Amino acid sequence: MTPLMVDSTFAYLALDFLETEDRELLNDIAETDAARHLAAHSRRVSLSGDLVDPFELVERLLTSPSISDINLEEVRTRLSSIEFDHTSQHRCWNEAAALLPVGALSGTVLYLTVGYDIGVAIAGQASINLAHPHFQENSPEELWFYIVHEIHHAGFQKYYPLPALADTRAISDLAYLVQYLTHLEGLAVHAARRWRTETGALEWDSDYEALLNSERMYFYEKEFFSIYRSLLDEGERPIENEDWEILGRMSTGDRLWYRVGASMADRIDKALGRRLLIATVEDGPDAFFDRYMELV
């Protein structure tokens, strides 16, 4: 199995900058592949769709007030662990690949970054933010589970790229975005579940805690499909400002597309088999929802 390719250039330079405050380093960081990766993601999730200057993004990330809360030694420890723990690297790769078509992770690089989200994926590449508070508050193994999540995204997006928010103009576009992200996030949450279960780490993360509670999941699924079907019913009308609140309901709070998506993936996996679940990556979000609806 191909080992996970790790690019730690951004992280090393960022740590040097945070220790020295040498602004020349910001130029070096902005020229890394990782900075271009983050800028591409930032543009994709922007409502304006404007080009993002990597230098401006890096400067904002590494000079924000919250950056002073980072424990640099802990970040260096995480960085070293990811670079040299080849056993866990292989496990990450294997767990993500187990829910993807053969070859989906070919050429995938994991960028080690500081300051941007908890982790993201775009254009077949993934990144993880070593300084995110979630990794400070939990066991070191939590970092590996999130790497599984993000590199699964990278493999998934080789078949279906992340939709641009700037292109989401009609309610039908918003319905597809919800459908896409439920598929994307649900499979990625499901991909890390086996390793978490073996480690006794399900309760370290609120999504997995929710998945263990059948009563909560019943209401989450009811709420999710009520929202989703209402979008389908509204068709092609232009999106209004209040419609964007739907994304907040899906991605924060009850985190519906993570939890309901993972529940859908688990049910398909158990009832129809791993082969048909993986096939939805190639066939797309419609197929994922169709397979699930066969079971309810």
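Read-outs: derived from the displayed coordinates by stated rules, not from any lab. Please read all numbers here as calculations on a predicted model, not as lab measurements. Methodologically, a virtual Cβ is constructed for each residue, glycine included, from the backbone with ideal geometry; neighbour enumeration extends over all protein chains shown.
Expressed as a rounded percentage, what relative contact order does the chain have, with Cα pairs under 8 Å and six or more residues apart? Spell out each step's value before the answer.
Values: 430 pairs, mean separation 53.5, N = 296.
Relative contact order, the chain: 18 percent.
May I ask for the net charge around Leu105, where only other residues with Cβ less than 13 Å from the Cβ of Leu105 are counted and Lys, Arg are +1 while Asp, Glu are -1?
Once positives and negatives cancel, what remains is -1.
Give the Rg/Rh ratio for segment 64-147, taking Rg as the radius of gyration of the Cα atoms and Rh as the Kirkwood radius, to two decimals.
Rg/Rh: 0.98.
Quick one: Karplus J couplings for segment 79-96, per residue in order, coefficients 6.51, -1.76, 1.60, θ = phi - 60°, nearest Hz, x for Gly and Pro?
4, 5, 4, 5, 5, 10, 8, 5, 5, 5, 4, 5, 5, 4, 4, 5, 5, 5
With the cut-off at 19 Å, report for segment 5-156 the share of all Cα pairs above it, as a whole percent. The partial results should precede the final answer.
On the way: 5839 of 11476 pairs.
Value for segment 5-156 (Cα pairs over 19 Å): 51 percent.
Please report, to one decimal in angstroms, the Kirkwood hydrodynamic radius of the chain built from all distinct Cα-Cα pairs.
It is 19.8 Å.
Using only Cα atoms, find the angle between the long axis of helix 171-191 and the longest principal axis of the chain, and express it within 0 to 90 degrees, rounded to the nearest 10.
For 171-191 against the chain, the angle is about 70 degrees.
Between beta-carbons, use under 13 Å as the cut-off and find the net charge around Phe224, counting Lys and Arg +1, Asp and Glu -1.
Spelling it out: positives minus negatives among the neighbours equals +2.
Taking only Cα atoms, what is the 0 to 90° angle, nearest 10, from helix 274-283's long axis to the longest principal axis of the chain?
Here the helix axis deviates by roughly 80 degrees.
Roughly how tilted is helix 141-156, in degrees to the nearest 10 and between 0 and 90, from the longest Cα axis of the chain?
60 degrees
Tell me the volume per residue, in Å³, of the convex hull enclosing the alpha carbons of segment 168-293.
Per-residue hull volume (Cα only) is 101 Å³.
Report ³J(HN,Hα) in whole Hz for each residue of segment 12-27, in order, from the Karplus equation J = 6.51 cos²θ - 1.76 cosθ + 1.60 where θ = phi - 60°; Gly and Pro get x.
Once rounded to whole Hz, the list reads 4, 5, 5, 5, 4, 5, 5, 7, 9, 6, 7, 5, 4, 5, 4, 5.
Using a Gaussian network for the chain with springs between C-alpha atoms less than 10 Å apart, which of these wobbles most: Ala262, Ala279, Ala97?
Maximum fluctuation in the GNM of the chain, among the listed residues, is at Ala279.
Taking amide hydrogens as modeled 1.01 Å from N in the peptide plane, which residues meet the under 5 Å criterion relative to Met5, leaving out close sequence neighbours?
Leu110
Please list 3J(HN,Hα) in residue order for segment 202-215, calculated via the Karplus relation 6.51 cos²θ - 1.76 cosθ + 1.60 where θ = phi - 60°; whole Hz, with x for glycine and proline.
Residue by residue, segment 202-215 yields 5, 7, 6, 10, 5, 5, 6, 4, 5, 5, 7, 10, 5, 5 Hz.
If you take every residue apart from Gly200 with its C-beta less than 15 Å away from the C-beta of Gly200, what net charge results, scoring Lys and Arg +1 and Asp and Glu -1?
Working: positive: Arg193, Arg194, Arg196; negative: Glu141, Glu142, Glu198, Glu203, Asp205, Glu209.
Charge balance near Gly200 sits at -3.
Over its Cα atoms, what ratio of radius of gyration to 2.2 N^0.38 Å does segment 101-219 give?
So the Cα radius of gyration is 1.13 times the expected 2.2 N^0.38 Å.
Of all chymotrypsin sites (Phe, Trp or Tyr not before Pro) in segment 1-110, which ones are in loop regions per DSSP and have a Cβ with at most 12 other Cβ atoms within 10 Å?
For chymotrypsin sites (Phe, Trp or Tyr not before Pro) across segment 1-110 that sit outside H, G, I, E and B with at most 12 neighbouring Cβ atoms in 10 Å, the list is empty.
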